[in-house]
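Bear in mind that the values in this text are calculations on the coordinates, not laboratory data. This structure is a prediction, so every number in the text was calculated from the model and none was measured. Cβ atoms come from the backbone with ideal geometry, glycine included; neighbour counts cover every protein chain shown.
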Amino acid sequence: MSHCLLGLTEWRLAEAGPDAVRRTAESGADGLQLDFGGPGRGEWLDAPGRVQAVRAAAGASGVRLFAVAGNHLNDLGLTTAEARPFIERLLDSAHALEVPLVFLPSFRRSAIDGPAAFALTAQVLAWAAAEAEARGLQLASENVLAPHFACELAERVDSPVFRLVLDTFNPLRAGLRPEALVAEAGHLLADQVHLKDGPPDVGDMPALGEGAGRLEDTLEALREHAVPVRALVLENDYRDGDPRRLAADLAWARRRARGFTPPVAAGHPRVRGGSSGPRPVPPM
């Protein structure tokens, strides 16, 4: 592979499962990030026959399966007792699908909103990263921590397979600058980047590059700091099924993708933090 790929997210399409794979192929995108599902989020990915159906659709259409997300954790809570069995199921399904990456979001019930949540989140992620490594997977956290706290989280997890997911709009909603995260934590970023613009960040969203998300600034920061990007993954909301919006955003992203070079080879370089000592965790 010698060029940056384009991807879609299952949870932002009208279709799900094998139908989402086929929709991805029809759109001209290269790959798809899947969601594990859950109450209000669609069928469980590990429901009988579903992994096999998704793999068959991907094989027939040539769509790459980029990652599996555990979005149900936003409802469940990453640090609850119920989270670990859920994460194990998620990792097993990702392994069966032969995707390279699993990511765990930290929003709503999984939000990192103080020192206790920060410490517990780091503990769960360290355990999950070890489980992911045993299955040959990378594990990433998607959160809205300030850059120095994001680096501290990686130091505490202390795993060669741990990464951070960069979303181009979520940090702005939290009063942060995505390009600052790139500058300080670029070496920790997953090589799949979420492209999203807004506001709003659901429903009738602006086309990529036409909102307040300053996408060009973030993409320029990725280039400036030579962050390897394997895939730009569209996360605008396409659940209305309008193919014109999706086609326009894919065309926008395709033009920008030409400026990126993916990693030379897949690997798990050891994560190293840049600070000389531990930093304080976020205040309550």
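Spin-label point model (7 Å from Cα, Cβ direction): what's the Asp204 to Ala96 distance in nm?
Using points 7 Å along Cα→Cβ, the separation is 4.1 nm.
Mind listing the long-range amide H neighbours of Glu142? Cut-off is under 5 Å, sequence gap 5 or more, other chains count too, H placed in the peptide plane at 1.01 Å from N.
Leu104, Ser106, Val165
Anything in the chain that counts as a DSSP H helix reaching 18 Å or more along its axis (C-alpha) with Kyte-Doolittle mean of at least -0.5? List them, would you?
Long hydrophobic helices here: 83-97, 115-134.
Which of the chymotrypsin sites (Phe, Trp or Tyr not before Pro) found in segment 19-127 are loop residues per DSSP with 13 or fewer other Cβ atoms within 10 Å of their Cβ?
Of the chymotrypsin sites (Phe, Trp or Tyr not before Pro), not one in the loops of segment 19-127 has a Cβ with at most 13 other Cβ atoms within 10 Å.
How big is the dipole moment of segment 98-221 about its Cα centre under a simple scheme where the beta carbon of each Lys and Arg is +1, that of each Asp and Glu is -1, and everything else is neutral? Debye, nearest 20, please.
In debye, rounded to 20, segment 98-221 gives about 380.
For semi-axes √(5λ) of the Cα gyration tensor in Å, pick the label among [x] 26, 23, 18; [y] 47, 19, 16; [z] 30, 23, 16 that corresponds to the value derived from the coordinates.
[x]
Hey, what number do you get for the chain at 222 nm if only DSSP H runs of n ≥ 4 count, each worth -39500 (n - 2.57), divided across all residues, to the nearest 500?
-11500 deg cm²/dmol
In percent, what relative contact order does the chain have, based on Cα pairs under 8 Å that are 6 or more apart in sequence?
21 percent
For a quick check of your reading of the filter: which trypsin sites (Lys or Arg not before Pro) in segment 129-204 sit in a DSSP loop and have no more than 16 other Cβ atoms within 10 Å? Don't skip to the answer; put the middle values down first.
Numbers: sites: Arg135, Arg156, Arg163, Arg173, Lys196; in loops: Arg135, Lys196.
Answer in residue order: Arg135.
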